[in-house]
């Protein structure tokens, strides 16, 4: 299968290893991975801030960048939800509505793609350690992703997965919310991270790097010993 | 101050103007042929209740326990009256509020002579009722699914008898136990045919509050105890 | 709460700073809310099909709200035929005036009130007290908040933020009762104080959870029995109810009452669910001589006129969205500065009280969607927060922000510029420690409390190019 990767800006510059892991995993499964050169951003930051004209302008560029994709896979549930769930609403009654709906139907969150599209559960990965999983809200509630990442992690040899008490509680990132309302965002991070620490896990794993930026930011400042990993990084351990 | 003008037409006008554009229904329910969700379906979604009278009673019994209602099975009105007498003696009741009904009137002759009766049927003194130790009423129905007692003015001595005294005693027959609220409403509709009493109240357990640190306290304003005397 | 000294947003930010810094209170509130949520999940699990029930509840409310005029008129017809009086109030002033005027005309001396958020909304108590009427809140939580001179913290659990020792001190100060650490004793103090009130009051004021069109009834849900007494003993009953509370049929309550109880408090059914159809009827031995229903618009029709957000009027005020909201859990109810707190309050308040003044509530959300997930009538709560943000920006872009997003869009539409910008990210990352935490730091809001990851030396695109080149050299595929 020809797979087009959507690599959001912050993964490109801050977490390149997440996207490289996705490339290696998909290639090992025998697929061709493309990264459309002209892709930039899905448009979620202006969209969530209420600036839908600007968001549409960015998203329209994204529609063109992925116009000839067969399937689009995203390493962030949040950016994936933008394309899958919010594009149809953003382009409702606009000339590009059909293109938006087409992109929406082709977009997959990484773990859902592996489990529900490719039917893969065991990647033969080996990873030693105790870990807990954070459900990114957009992945969980907009895309309905809950079991797929856990299914994949259960098959990782050496990995001990423990659920935390606040697995489905928001980490407090929320895009620009994190800097517009830093006191609330930080309080939410604290609640989340305390729940992570209670599990005595060495790692917190998520399928959304934006959440991990928030969780890691708070953990590194306040705890230091718990490491953040994207699901793809854990699975890319043959 | 003069009475303000009733803004009926203005409010209705704004409503009609607002509704000119239809709103989508995001979560359509399964609809019946008539285009309305039918109340018959409610039963398929709500907590299940067994089909037989015994199963209904078992659920009602179980819920009564959870709710801290006291359910007492009695074989006759005289037995029910003996329970009232026992409670009166245990709690040193002086006055019992009650109304005339088939069951209450059958019980009343068996009450201790020194238990003062406050009949509410022809009207009553609010202070006297407030000062009484318990209120004895009949009810319209009992609801198995929720462990509730349904009272109305005509069935239960008015609006207040079942809620003002600190102990509410209800006497009912087993045949009054219905499956759920749907059946209860259907039964009330059939009985009153549009001429409903001014109050229908589903009482589910004794009066309760959790307003202080979420700790359950019974008898916040209404009865601290609810005793259901169930006859065959 | 009524007189805000500073603009709502400044007040909100100040209060959020204070409340998020109060860890013990935050912990206690979170724990209490967590317990409500667990109870709700336990009871919800006993439903044969919660999702189908929820869809049906949404359908019933959709039917009612989208034919509001017809159902309200039907209610009025039925209720009036049973001797009730209906007053339609466009705004809070009219509603207050009607009730005040009635109290004066009937020589009312004492008023007892059961919980009504509409009363909070129109500041009814303040108006009654200013006109010389004594008014006592009879719901325990509301009674405590009234003594404290504080608005409800949560529209279902008004004093959930208070500890028993604080309530004991309050009673000691205001009522002269002995201090106690027993919630039971505290409740009994309130019971003793309030019992005489029911008997002495000549007017009882309530809210209403549902307006039943078919039978002309107001349905009131409560646990304590205080509403039963409030509308049962005094000779006049006034129910102040929002126009959106209507349901078509009495039997609809067979679904909505269990759902309200389950979602709100985790009960199968709330302690007392009572339907009142008119004053004392012929042949009845008690009940009020007069029953007035005040139907309150107060900008609900503004929300009704927005078809996109009209479903926000389906709300049955169960409070479930507050109980699961991570924002509410961390900032608490008073920070909102609104009658209706939490996610649903953030959606509707801008419609009721002005978008520009209250848009910050829609901004103060991570859009996690826990509210929408838990809502028993399927309101798209968190998406409406997005809609409010969009409407606010379209109406009046925030200073600087409009320009920022325009520039952002320009950058993101030009891949070459975008690539150039991301090339400089490592440089920015190297320079950042020099200004980190200082006033000139553009990301100070982030770095004050959280580390920011260093940019990778080689971006993904650079690495991917190398990967592709290596593959070609190695002749892979």
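Points to keep in mind about this one:
- Failed condition for residue C:198, given (1) surrounded by fewer than 24 Cβ atoms within 10 Å (Cβ to Cβ); (2) part of a helix (DSSP H, G or I): (1)
- None of C:318, C:371 is without any contact (Cβ under 8 Å) to a residue 60 or more places away in the chain, buried (at least 23 other Cβ atoms within 10 Å of the Cβ) and outside the structural domain of residue C:93 (by TED's automatic domain parsing) except C:371.
- Residue B:155 falls short on exactly one of the conditions (1) under 29 Å from residue C:262 (Cβ atoms); (2) away from chain C (no Cβ under 11 Å); (3) touching a helix residue (DSSP H, G or I) at 6+ places or on another chain (Cβ under 8 Å); (4) in contact (Cβ under 8 Å) with a residue 40 or more places away in the chain, and that condition is (3).
- Some residue of the range B:99-106 being surrounded by 14 or more Cβ atoms within 10 Å (Cβ to Cβ) and more than 24 Å from residue C:232 (Cβ to Cβ): yes
- Filter result for the condition that a residue is touching a residue at least 12 places away in the same chain (Cβ under 8 Å) and more than 10 Å from chain B (Cβ to nearest Cβ), over C:77, C:82, C:96: C:77
- The residues on offer are C:415, C:397, C:376, and the sole one that is more than 9 Å from chain A (Cβ to nearest Cβ) and modelled with pLDDT of 80 or more is C:376.
- Test result for residue C:233, in a loop (DSSP other than H, G, I, E, B), in contact with a helix residue (DSSP H, G or I) (Cβ under 7 Å, 6 or more places away or on another chain) and buried (at least 24 other Cβ atoms within 10 Å of the Cβ): yes
- Helices (runs of 4 or more DSSP H) fully within the range A:1-90 counting 2 or more residues that are within 24 Å of residue C:459 (Cβ to Cβ), more than 10 Å from chain C (Cβ to nearest Cβ) and modelled with pLDDT under 95: A:77-81
- Residue within the range C:463-474 that is at pLDDT below 90, in a loop (DSSP other than H, G, I, E, B) and within 11 Å of chain A (Cβ to nearest Cβ) present: no
- Some residue of the range C:232-248 being within 21 Å of residue C:143 (Cα to Cα) and within 7 Å of chain B (Cβ to nearest Cβ): yes
- Residue satisfying condition, being farther than 29 Å from residue C:63 by Cβ and touching a residue at least 24 places away in the same chain (Cβ under 8 Å), within set C:286, C:306, C:297: C:286
- Residue A:228 vs. criteria at pLDDT 95 or above and buried (at least 24 other Cβ atoms within 10 Å of the Cβ): no
- The residue that is farthest from residue B:148 (Cα to Cα), among those in the range B:189-215 that are surrounded by fewer than 22 Cβ atoms within 10 Å (Cβ to Cβ) and within 9 Å of another protein chain (Cβ to nearest Cβ), is B:213.
- Those helices (runs of 4 or more DSSP H) of the range C:33-137 in which 1 or more residues are more than 28 Å from residue B:211 (Cα to Cα) occupy C:50-65, C:68-81, C:92-105, C:124-130.
The values are calculated or read from the model by the stated rules, or taken from the named source; none is laboratory data. Values in this document were obtained by computation on a predicted structure and should not be read as measured data. Positions of Cβ are backbone-derived with ideal geometry, glycine not excepted, and every protein chain shown enters the neighbour counts.
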